[in-house]
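*Asks:* Quick one: this structure, given as C-alpha cells, is what I'll be asking you about.
The values are calculated or read from the model by the stated rules, or taken from the named source; none is laboratory data. None of these values were measured; they are calculated from a predicted model. When we count neighbours, we look across all protein chains shown, and the Cβ atoms used for this are built from the backbone with ideal geometry, even at glycine. For accessibility, only protein heavy atoms count, side chains too; no ligands or nucleic acids. Shrake-Rupley method; radii C 1.70, N 1.55, O 1.52, S 1.80 Å.
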Amino acid sequence: MANVAKYNREDVIRKAMLLFWEKGFNGASTRDLQQAIDMRPGSIYAAFGSKEKIYSEALECYSKEMSNILNKHIAEQGSPLTGLEAFFRNVVIDRRDSNPSEVCMLVKTLSEVNEQHPDLLELARDLLKRAENRFAEILQQARAQGEILPASDTGILAKHLQVQMIGLRIYMKTSGNSQAVSELISSVFRAISIK
C-alpha cells in the first residue's frame, strides 16, 4: 500500500511562504520551518527534497498570491489603470500591517541569496519579470481604453511601475508614513494618466 501524504501541500507551501517572507531564506532555520508547517525534518525533505525546493515553491506561491490580488483589483475597478493603482495602494499601504514583511519577497530574495543558490536567484528574477510583463499587459489595455497616451511605451512604463512598487514598499518600511506614500502613489498614476 502506497504512503499517502498526511498534509495539504498548498497549505504547507503557504505557511512556508509566510515564514520565508518574514525571515528570509537564511533567517528561517529548519526548526522555524518545522514549527511553521508542522512537519518533521525527515517529512519535509521527503516531501520537498531540500530547503531550496520548498523556498522555490514558496516564491511561486507568493507570486501567485500577488497576481491574484492584482487581478481582483482590475476586475473590481473595471478600469485597467484604476485597478493597477488600487493594487499598489492595497499592497503597499492596506496590507502593511498584515503581511509578514513590507518588502516584496522577490526583492528580499534577490538582496539576500547569493550565487550559492543560483536557481533561487534565477526564479526570483523570472517572477519579477513576469510581474513586469503583467503590468505591461494591463497598460496596453489602459492604452486601448484611452486611459494613457496612444504613443505610450507600455514596456518602459511597466518597468517604471515595477521600480516604483519596489521603492514605495521600501519607503513605507523606512518611513511608516502612509499619507506620504498614498500621495506618492497618486502622483505616479497621475503622471501616466491622460484623465
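*Asks:* Would you work out the charge dipole size for the chain about its Cα centre, treating the Cβ of every Lys and Arg as +1 and the Cβ of every Asp and Glu as -1, and quote it to the nearest 20 debye?
*Replies:* Values: 25 positive and 24 negative charges, 34 e Å.
Using only the charged Cβ atoms, the result is roughly 160 debye.
*Asks:* When the Kirkwood radius is taken over all Cα pairs of the chain, what Stokes-Einstein diffusion coefficient follows at 37 °C and 0.692 mPa s, in µm²/s?
*Replies:* Numbers: Rh = 18.0 Å.
The estimated diffusion coefficient comes to 182 µm²/s.
*Asks:* Still on this structure, please answer the following. Residues of region 7-146: accessible area per residue at 1.4 Å, in Å²?
*Replies:* 50 Å²
*Asks:* Kindly report, to the nearest 10 Å², the accessible surface of Glu76 as traced by a 1.4 Å probe over protein heavy atoms only.
*Replies:* 110 Å²
*Asks:* Select from the chain the helices, each a whole stretch of DSSP H, whose alpha-carbon atoms run 20 Å or more along the helix axis and whose Kyte-Doolittle mean is at least 0.5; answer none if there are none.
*Replies:* Going by DSSP H runs, the hits are 178-192.
*Asks:* Now a separate question. Over region 59-150, with every protein chain in place, what whole percent of the accessible area is carbon and sulfur at 1.4 Å, could you tell me? Show your work: numbers first, answer last.
*Replies:* Numbers: 2070 of 4450 Å².
Carbon with sulfur: 47 percent of the solvent-accessible area.
*Asks:* While we're looking at this one, here's another question. Under a straight-distance cross-link criterion of Cα-Cα below 16 Å, which aspartates and glutamates are reachable from Lys15, leaving out those fewer than 8 residues away in the same chain?
*Replies:* Asp32, Asp38, Glu52, Glu57, Glu60, Glu65
*Asks:* Additional query: Using helices alone, what [θ] at 222 nm do you get for the chain, with -39,500 (n - 2.57) per DSSP H run of 4 or more residues, divided over all residues and rounded to the nearest 500? If you can, show how the numbers build up before the last one.
*Replies:* Values: 9 runs with 144 residues, N = 195.
Rounded to the nearest 500, the figure is -24500 deg cm²/dmol.
*Asks:* Any idea what the alpha-carbon Rg over 2.2 N^0.38 Å comes to for region 2-63? List each step's numbers first, then the result.
*Replies:* Values: Rg = 10.7 Å, N = 62, 2.2 N^0.38 = 10.6 Å.
This ratio for region 2-63 stands at 1.02.
*Asks:* Further, regarding this structure: Which residue, Gln35, Gln140, Gln162, tops the fluctuation ranking in a GNM of the chain built on C-alpha contacts under 10 Å?
*Replies:* Most flexible of the set in this elastic network: Gln35.
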